[in-house]
Structure formats: C-alpha cells, structure tokens
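This report concerns only the one structure given below.
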Amino acid sequence: MAGAMGRCTSCGFEPSYPTKSCPQCAGVVSARAPVASMPAPEVSPTPEGGPTTPDGMPSADRTMRRPDLAGAPPPPPTGVPTAYPPPPGMAGGPVSTLPGAPVSLGSRLLAALVDLLLAWLPVGVLTAVALVLAPKPGSILWIVLNVLTLVVLLLGAALVVVPLGRTGSTVGKALLGVRVVDVRTGGTIGVGRAFLRQLVWGLLGAPCYLGYLMYFTDRSGRQRALHEQAASSVTTAVPRQGFGAALGQAFGAFRR
C-alpha cells in the first residue's frame, strides 16, 4: 500500500498514519522508515484539552464539534432585512425629554382659578365694605380702603409668585397636584422667573384671549404656552396635598 506508515505484525494491515495499534485487529504495528518525508509530529492533548506539538506550541484544532455548532443561529436569508428590537423607551413612539410627568390641562386651569380666588377674595371683601360705607372720594376712609386694596393685591401676587419660584407650587397647584419646574434641570425656577411667568400668562389674554390657544399648538406634547417658554419652565404632576399642608407650604416659602 502506497504511503503506508507501518505494518501490523498480526494481520498485515498497513495504516497510512503513524500508530502503534492496528485499527483492525488491535495488534502491534511495526514502524516503517519514511522514504520521502518526515513523519508528522505526534500531538498530545494539553491540560485544557487543546492539542500541542512536541515542542509545546499549540496547534490548530481542526475538529468540528457538533455541540458547539448546535447553538449557533442560522444566518438570515440573503435579501431579507433583519428585524432588530426598538431601543428602550421607543416602542410606543417618541419619548419626551422634558422632566417630570405630564399633567392634564384641566388640573392646571383649575389650580389657577383657586389661586385667583384666594388672591381676589380679600379684595372683594374690601370692595363690599367700601360700598356699604360709601366714603366720599378723597376722604380719609376712601384713602385707607384704596391703600388696603393695593396692599392686599400685592400680598395676593406674592402668595403666588414666591411659593411658585421657591417650591414650584402655589396653594392651588398643591391642591391639584401640579408643580412647575425648570425645563432643563427639573428644579425650581426662582422668584424672578416665576414673576416673569405669571406676567406673561396675564398678557396672554390681551388680544381677545387668543394667546391661550398656544396651549393647544405646543409641539412638545406638554401644552407649554408662551408664559412657560419665556420662563423656561414646564408643568409636571405630583401627589396632591390637603388645604392645610398646601397653605403651610406657601407661607413657608417666605422663610426660605
């Protein structure tokens, strides 16, 4: 047999690779001297299971292991696009990057009405007193009532602006679970920006109340009208508070 590497002493089989045991009868194979080439180096397994050459260098393992191939997924067919899962948070469409949870426009408007009622109720009481007493214009009583009305209006405005800037909520907003935060950081906006926000909000109704339509044309999905855009703020939803807690939080903002 051409290319035989030895001959079995029992059955005469000549294997084509170097071996000491006959693969047919398990007899002893006598080695045959090579004619044109040196015999292939004997490969011994390493402790990790990989084959090495006699000088200790690792050799390539060309054995196909079926258990390793069983878990490999088949490649996708040619021409068929592979479907990848959407990124986290994108399954239901675009996600707003604005801080906090959105709040309904009805809760926001109702909170504003509560704040207006608290601010104008003392003014209404003073007006009723003035009508009952009917002081003459320019009299001492007339001057006192007008000064008191102005002071009450300023206090009412301060009771909205200061808590809004320092805590994010007013009495009405705390009752309805509404909070105003910075659009970039999610923190409070400060008294100055709170004053600007309320001033622009009051001016929205100047051209026949058309400015309030911006609540419905805002593209952010959070109904930010011009007053919130001017103050770089956004309205978020928070847990509601009782009237006592809301009033205490509003007056506590003056001590900060």
* Asked: Under the definition of Cα pairs under 8 Å and six or more residues apart, what whole-number percent is the relative contact order of region 93-166?
  -> 35 percent
* To do: With only alpha-carbon atoms counted, please give the Rg and Dmax of region 105-255, in Å.
  => 17.2, 55
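Looking at region 141-192, which trypsin sites (Lys or Arg not before Pro) are in a loop (DSSP not H, G, I, E or B) and have at most 14 other Cβ atoms within 10 Å? Could the numbers behind the result be given before it?
Details: sites: 166, 173, 179, 184; in loops: 184.
Those that pass, being in a loop and sparsely packed, are 184.
Once you keep just the Cα pairs under 8 angstrom separated by 6 or more residues, what percentage relative contact order results for region 105-255?
Value for region 105-255: 27 percent.
Values in this text are rule-based calculations from the coordinates and carry no lab data. As the structure is a computational prediction, the values presented were derived from the model and not from experiment. Cβ sites come from the backbone with ideal geometry, for glycine too, and all protein chains shown count toward neighbours.
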